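Here the structure is laid out as structure tokens; the discussion comes afterwards.
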Amino acid sequence: MRKSALLSAAILVLAATPASAHLNPAEHGSFAAGFSHPLFGADHILAMVAVGLWAALLGGRALWLVPAAFVTTMMAGFMLALAGAPLPFVEPAILASVVAIGLLAAIALKVPTSAAMALVGFFALFHGYAHGGEMGSAGAAAYGLGFALATIILHAAGIGIGLGLPRLFGSDTGRIVARLAGGATALAGLWLAMAG
């Protein structure tokens with residue numbers, strides 16, 4: 001039963017499709033608008049879950065440092081957007097993050113934790129900038145807290161998948177299934193890029 005529940009959750013995350021609207025801060029509040037923002041786009045969901053998945057496959061200190069680097073740099077990108085600083089290629093970089101981080105998880109690339117932090121941080125800058133660019137009338141602090149929390153939850157889902165699959169299927173088979181989830185993420189990123 002636990003195996004099927006975990007697989008179902010993984011499939012739902014990987015099969016997410018972008019929504020066409022975000023919550024209106026005037027109707028739902030700034031925190032709710034921020035919290036929902038990453039959850040309304042397959043590109044954000046896939047990239048953020050893939051960060052957690054890759055961190056789980058890296059193990060050790062990377063398990064928490066890699067997601068923390070993503071969230072921290074994402075907030076820096078958010079501040080750049082609020083300041084009106086230009087950042088080119090935001091949407092292509094976000095789509096590239098889905099493919100790249102999915103591939104890194106698929107091949108379970110072992111790199112120093114600092115290198116993994118720098119890589120996910122690079123992509124996180126664009127994710128944060130996109131969040132800031134679509135803030136609308138929301139209050140910055142509550143909106144930022146909302147999407148940061150949603151991001152942490154998505155990272156935790158990826159970590160849960162990466163750590164849970166080896167426990168359910170055995171170490172070797174579980175790692176293979178986790179890597180396949182990374183490959184599926186990369187393929188979904190390519191599909192999103194071609195569909196857009």
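Could you grab me the full set of residues in the range 156-178 that are under 16 Å from residue 62 (Cβ atoms) and either crowded, with 19+ Cβ neighbours inside 10 Å or among the hydrophobic types (A, V, I, L, M, F, W, C) (or both)?
156, 158, 159, 161, 162, 163, 178
Quick check on this structure: which one of 117, 135 is among the hydrophobic types (A, V, I, L, M, F, W, C), outside any helix (DSSP H, G or I) and crowded, with 19+ Cβ neighbours inside 10 Å? Before the answer, list the steps.
On the way: 117 fails: outside any helix (DSSP H, G or I).
After ruling out the rest, the residue left standing is 135.
Does residue 56 count as among the small types (Gly, Ala, Ser), closer than 18 Å to residue 166 by Cβ, modelled with pLDDT of 95 or more and outside any loop (DSSP other than H, G, I, E, B)?
Numbers: among the small types (Gly, Ala, Ser): yes; closer than 18 Å to residue 166 by Cβ: yes; modelled with pLDDT of 95 or more: yes; outside any loop (DSSP other than H, G, I, E, B): yes.
When the stated conditions are applied, residue 56 passes them.
Could you go through the range 67-87 and let me know if any residue there is out of contact with any helix residue (DSSP H, G or I) (no Cβ under 8 Å at 6 or more places or on another chain), small (Gly, Ala, Ser), part of a loop (DSSP other than H, G, I, E, B) and farther than 28 Å from residue 194 by Cβ.
yes
Go through the range 157-178 and give me each residue that's touching a helix residue (DSSP H, G or I) at 6+ places or on another chain (Cβ under 6 Å) and either under 30 Å from residue 31 (Cβ atoms) or free of Cβ contacts under 8 Å to residues at least 24 places away in the same chain (or both).
Result: 157, 158, 159, 161, 162, 163, 164, 166, 174, 177.
Got at least one residue in the range 143-154 being free of Cβ contacts under 8 Å to residues at least 60 places away in the same chain and closer than 29 Å to residue 87 by Cα? So that I can check it myself, show each step before the final result.
Residues of the range 143-154 free of Cβ contacts under 8 Å to residues at least 60 places away in the same chain: 153.
Retained after the next criterion (residues that are closer than 29 Å to residue 87 by Cα): 153.
Yes.
Would you mind stating whether residue 122 is crowded, with 21+ Cβ neighbours inside 10 Å, aromatic (Phe, Trp, Tyr) and at pLDDT 95 or above? Give the steps one after another, and end with the answer.
Numbers: crowded, with 21+ Cβ neighbours inside 10 Å: no; aromatic (Phe, Trp, Tyr): yes; at pLDDT 95 or above: yes.
The answer is no for residue 122.
Does residue 58 fit the bill of being over 14 Å from the mean Cα position of the chain (by Cα) and either within 27 Å of residue 138 (Cβ to Cβ) or in contact (Cβ under 8 Å) with a residue 60 or more places away in the chain (or both)?
Working: over 14 Å from the mean Cα position of the chain (by Cα): yes; either within 27 Å of residue 138 (Cβ to Cβ) or in contact (Cβ under 8 Å) with a residue 60 or more places away in the chain (or both): no.
It is false that residue 58 is over 14 Å from the mean Cα position of the chain (by Cα) and either within 27 Å of residue 138 (Cβ to Cβ) or in contact (Cβ under 8 Å) with a residue 60 or more places away in the chain (or both).
Could you please let me know if residue 85 is closer than 25 Å to residue 33 by Cα, without any contact (Cβ under 8 Å) to a residue 24 or more places away in the chain and loosely packed, with under 14 Cβ neighbours inside 10 Å?
Details: closer than 25 Å to residue 33 by Cα: yes; without any contact (Cβ under 8 Å) to a residue 24 or more places away in the chain: yes; loosely packed, with under 14 Cβ neighbours inside 10 Å: yes.
When the stated conditions are applied, residue 85 passes them.
Tell me whether the range 2-12 contains one or more residues that are under 14 Å from the mean Cα position of the chain (by Cα), buried (at least 23 other Cβ atoms within 10 Å of the Cβ) and either at pLDDT below 95 or within 21 Å of residue 162 (Cα to Cα) (or both). Steps first, answer last, please.
We begin by selecting, within the range 2-12, every residue under 14 Å from the mean Cα position of the chain (by Cα); these are 10.
The next check asks that each one be buried (at least 23 other Cβ atoms within 10 Å of the Cβ); those that pass are 10.
Still in the list and also either at pLDDT below 95 or within 21 Å of residue 162 (Cα to Cα) (or both): 10.
The answer is yes, given that some residue of the range 2-12 is under 14 Å from the mean Cα position of the chain (by Cα), buried (at least 23 other Cβ atoms within 10 Å of the Cβ) and either at pLDDT below 95 or within 21 Å of residue 162 (Cα to Cα) (or both).
What are the pairs, 6+ residues apart or on separate chains, where a residue within the range 68-79 that is on the phi < 0 side of the Ramachandran plot and surrounded by 21 or more Cβ atoms within 10 Å (Cβ to Cβ) has its Cβ under 9 Å from a residue that is aliphatic (A, V, I, L, M) and not in a helix (DSSP H, G or I)?
Here the result reads 77/87; 78/135, each pair linking the range 68-79 to a residue that is aliphatic (A, V, I, L, M) and not in a helix (DSSP H, G or I).
The values are calculated or read from the model by the stated rules, or taken from the named source; none is laboratory data. As the structure is a computational prediction, the values presented were derived from the model and not from experiment. Please note: Cβ atoms are built from the backbone with ideal geometry, for glycine as well, and neighbour counts cover all protein chains shown.
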